[in-house]
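Trainee: My questions will all concern the structure given below.
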Amino acid sequence: MLILPKKLAMSLTCNQLLHKHAQVWREATVHPFLEQCKLGTVQPEQFNTWLSQDYLFVIDFTRMVARLLAVAPLKHFDVILSGLGALGDELNWFEVKAAERSLALNIGKQLTCQIYCDFMYSLAAMPYPVQATAFWAIEFAYNQGWQMPGTMPEPYTEFAARWGNPGFTEYVKLLEKQADEVLQDASVTIEHQAEEAFVKVAKLEKDFWQMAFYAAQ
Ligand code: HMH
């Protein structure tokens, strides 16, 4: 039996994951919730459900990124720390947005949000390349999802701009570069784990939009 050294095999990249799983990725990033924000027809209950649940999501996402920092190579610190700083600001911004809408934030997670947060917690047991791939996918889902519909009407303009702005797009490209860099030296087993994590993120993203779109508060 001929065993090819790993270096001769083409290594997995984020871009390959997007192409291989194009349909599931589309479902993660194109949703009636976002289309109705663009049209200005999303209902306040739908938007408020998304807003309060996403606040709870971002708390746990911030914790996930903190755990990822703890296992990242030093050369990835700058980008991850800039992400953590932005997430800290984002939590404060969510609190302002919720207050403007008189939304309580001391609420429980809906099941879909809980399942997504549990998944993020479980990533801590995974090798760094898997965590880096999931980190990129989670940020890229919002970058594309909020950007693709185009400029949104008030009061949704700033929400679309937060994740769709060119600076955020650049940051997500750096996350992709970092994930690709570590996937390059990853074993086939780790590549498979990264692929599974990517698909899981895509499915959870779709579920999150479904939760906001269909569930009452
Ligand atoms: C559900 N996915 C969800 N919420 C967010 N704020 C992000 C991703 C961040 O990119």
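Quick grid of which residues meet (1) in a helix (DSSP H, G or I); (2) more than 10 Å from the ligand (Cβ to nearest atom):
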residue	(1), (2)
F135	yes, no
P149	no, yes
E195	yes, yes
A202	yes, yes
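Trainee: State yes or no: is R162 farther than 20 Å from A179 by Cα, away from the ligand (no atom under 15 Å from the Cβ) and among the basic types (K, R)?
Mentor: Values: farther than 20 Å from A179 by Cα: yes; away from the ligand (no atom under 15 Å from the Cβ): no; among the basic types (K, R): yes.
The answer is no for R162.
Rundown of residues vs (1) without any contact (Cβ under 8 Å) to a residue 12 or more places away in the chain; (2) surrounded by 15 or more Cβ atoms within 10 Å (Cβ to Cβ); (3) closer than 21 Å to L91 by Cα, yes/no style:
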position	(1), (2), (3)
M120	no, yes, yes
Y128	no, yes, no
W136	no, yes, yes
Y142	no, yes, yes
Q147	no, yes, yes
P155	yes, no, yes
S187	no, no, no
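Trainee: Taking region 63-87 as the region of interest, how many residues are open to solvent by 30 Å² or more (accessible area, probe 1.4 Å) and assigned to a helix (DSSP H, G or I)? Walk me through it before giving the result.
Mentor: As a first pass, look at region 63-87 and keep what is open to solvent by 30 Å² or more (accessible area, probe 1.4 Å): 63, 66-67, 69-71, 73-75, 77-78, 81-82, 84-86.
Then keep just the ones that are assigned to a helix (DSSP H, G or I); that gives 63, 66-67, 69, 74-75, 77-78, 81-82, 84-86.
Looking only at that region, the number is 13.
Trainee: Let me ask something additional. Looking at region 16-35, which of its residues are in contact (Cβ under 8 Å) with a residue 60 or more places away in the chain and of a type in the set (S, T, N, Q)?
Mentor: The one that is in contact (Cβ under 8 Å) with a residue 60 or more places away in the chain and of a type in the set (S, T, N, Q): T29.
Trainee: Moving on. So, Q178, is that one crowded, with 16+ Cβ neighbours inside 10 Å and within 14 Å of the ligand (Cβ to nearest atom) or not? Before you say what the answer is, go through the steps one by one.
Mentor: On the way: crowded, with 16+ Cβ neighbours inside 10 Å: yes; within 14 Å of the ligand (Cβ to nearest atom): no.
In short, no.
The values are calculated or read from the model by the stated rules, or taken from the named source; none is laboratory data. Not measured: the values here are computed from a predicted model. Cβ: placed from backbone, ideal geometry, glycine included. Neighbour counts: every protein chain shown. We work out accessible area using only protein heavy atoms, side chains counted, and drop any ligands, DNA or RNA first. Shrake-Rupley method; radii C 1.70, N 1.55, O 1.52, S 1.80 Å.
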